[in-house]
Amino acid sequence: MNIEYNSNREKTISFTVPENCDKIDAKTFLRKHCELSARTLSKLKRTNLGITRNGELLKTTDVLNVGDVVVLAMPDDVNEISPIKGELEILFEDEYILVVNKPPLMPVHPTKIHQEDTLANIVSYYMKKRGEHYTFRAVNRLDRDTSGCLLLAKDRYCANSLPSSAAKEYVAVCEGEIKESGTINKPIKVMVGRSIQRVVADDGARSVTHYFPLRYKNGHTLTRFVLETGRTHQIRCHMSSIGHPLAGDDMYYGSLAFITRQALHCRKISFTHPITQEYIEVISPLPKDICFVLGEERIDL
């Protein structure tokens, strides 16, 4: 794979057809080997010379030969999010990927009531200041109150490729003492009469949470989480279901005595770089308000 920019900073990505892809149709090559989404492939087909082979237009029904050079003229991005100056803590960045440390109590994307106070607004200002142009593409999701690692892709190709390799590790402060590691395998669904709150229910979607207690202090347990599934509010709902709600999570019956937001933090995100194929691991330190619940100024894990 090779990525280049032309004089207009438009990105082209080239792939040389390997032996194991000889005599397959272009659509299969682009979707499986190049990991293009159906949406991106459709847009490339509508772009003038969006997909070429050895310098000539390539149709998705054409058959490829080993050694063919397939070039994708990636569609130009349009950033429609208002740039707003603000503090941005960068944990990792190159020309393809950005990982930032999302602060608590900040929405990720603009909404009807949050137009100019989101992380997307601050990232938009940051890229404009650097002379970069890309759409805000968050690979992982974090609630407004949740802090920690947020992985962003700077182009369509990386946005398509990153989700398959990205792995997240969360840390939270739970009420009560958790003495042993365990797994919660309970289905989750939206609570009847609520648009956001989830509940454990037999007819819900499969949800699996693995938890590992790290330390106990002040009536709370600092706990590490690895998710096998990625349901909305999964950690919060699951831990409440076993009698250990997250501190500050009043939606799931946690106390607000020590912290006024759910004490949940995306501590680590790891992924295989779509371009360099390098394994990358990024860590975000625990924020002060979570440390405070355990009576500490700083906690190193």
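The values are calculated or read from the model by the stated rules, or taken from the named source; none is laboratory data. Since this is a predicted model, take the numbers as computed values, not measurements. Every residue, glycine among them, receives a Cβ derived from its backbone with ideal geometry; neighbour counts consider all protein chains shown.
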Legend entry - Residue in the range 108-117 that is surrounded by fewer than 20 Cβ atoms within 10 Å (Cβ to Cβ), under 16 Å from the mean Cα position of the chain (by Cα) and either within 26 Å of Ala172 (Cβ to Cβ) or acidic (Asp, Glu) (or both) present: yes
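Of all residues being in a loop (DSSP other than H, G, I, E, B) and in contact with a Ser or Thr (Cβ under 7 Å, 6 or more places away or on another chain) in the range 270-300, which is farthest from Asp155 (Cα to Cα)? Just the residue, please.
Pro287
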Legend entry - Filtered residue count, the range 80-97, keeping only those that are in contact with a helix residue (DSSP H, G or I) (Cβ under 7 Å, 6 or more places away or on another chain) and either surrounded by 13 or more Cβ atoms within 10 Å (Cβ to Cβ) or of a type in the set (Phe, Trp, Tyr) (or both): 8
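Looking only at the range 33-66, filter to residues that are among the small types (Gly, Ala, Ser), in a loop (DSSP other than H, G, I, E, B) and touching a helix residue (DSSP H, G or I) at 6+ places or on another chain (Cβ under 9 Å); which one of those is surrounded by the fewest Cβ atoms within 10 Å (Cβ to Cβ)?
Once the filter is applied, the top-ranked residue is Ser37.
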Inset, instruction - Check whether at least one residue in the range 187-202 is buried (at least 22 other Cβ atoms within 10 Å of the Cβ) and of a type in the set (A, V, I, L, M, F, W, C), and report yes or no. - result: yes
Legend entry - Of all residues in the range 95-120 being touching a His at 6+ places or on another chain (Cβ under 9 Å) and touching a residue at least 40 places away in the same chain (Cβ under 8 Å), the one that is nearest to Pro285 (Cα to Cα): Pro104
Inset, instruction - Could you tell me whether any residue of the range 259-270 is surrounded by fewer than 19 Cβ atoms within 10 Å (Cβ to Cβ), farther than 26 Å from Ile184 by Cα and outside the structural domain of Glu175 (by TED's automatic domain parsing)? - result: no
Inset, instruction - Please give the number of the condition Leu30 fails out of (1) at pLDDT 90 or above; (2) outside any helix (DSSP H, G or I); (3) within 16 Å of Pro274 (Cβ to Cβ). - result: (2)
Legend entry - Check on Cys266, in contact with a Phe, Trp or Tyr (Cβ under 9 Å, 6 or more places away or on another chain), within 23 Å of Gly176 (Cα to Cα) and outside any loop (DSSP other than H, G, I, E, B): yes
Inset, instruction - Check the range 199-216 and report whether any residue there is in contact with a strand residue (DSSP E or B) (Cβ under 7 Å, 6 or more places away or on another chain) and at pLDDT below 95. - result: no
Legend entry - Odd one out for Tyr125, checked against (1) in a loop (DSSP other than H, G, I, E, B); (2) within 17 Å of Lys154 (Cβ to Cβ); (3) in contact (Cβ under 8 Å) with a residue 40 or more places away in the chain: (1)
Inset, instruction - Among the residues of the range 127-168, write down those that are crowded, with 21+ Cβ neighbours inside 10 Å and more than 30 Å from Ser42 (Cβ to Cβ). - result: Thr146, Ser147, Gly148, Cys149
Inset, instruction - Tally the residues that are outside any strand (DSSP E or B) and surrounded by 20 or more Cβ atoms within 10 Å (Cβ to Cβ), restricting the search to the range 215-251. - result: 13
Legend entry - Scope the range 15-49; condition of a type outside the set (A, V, I, L, M, F, W, C) and either in contact with a Lys or Arg (Cβ under 7 Å, 6 or more places away or on another chain) or within 23 Å of Pro163 (Cβ to Cβ) (or both); matching residues: Lys27, Thr28, Arg31, Lys32, His33, Glu35, Ser37, Arg39, Thr40, Ser42, Lys43, Lys45
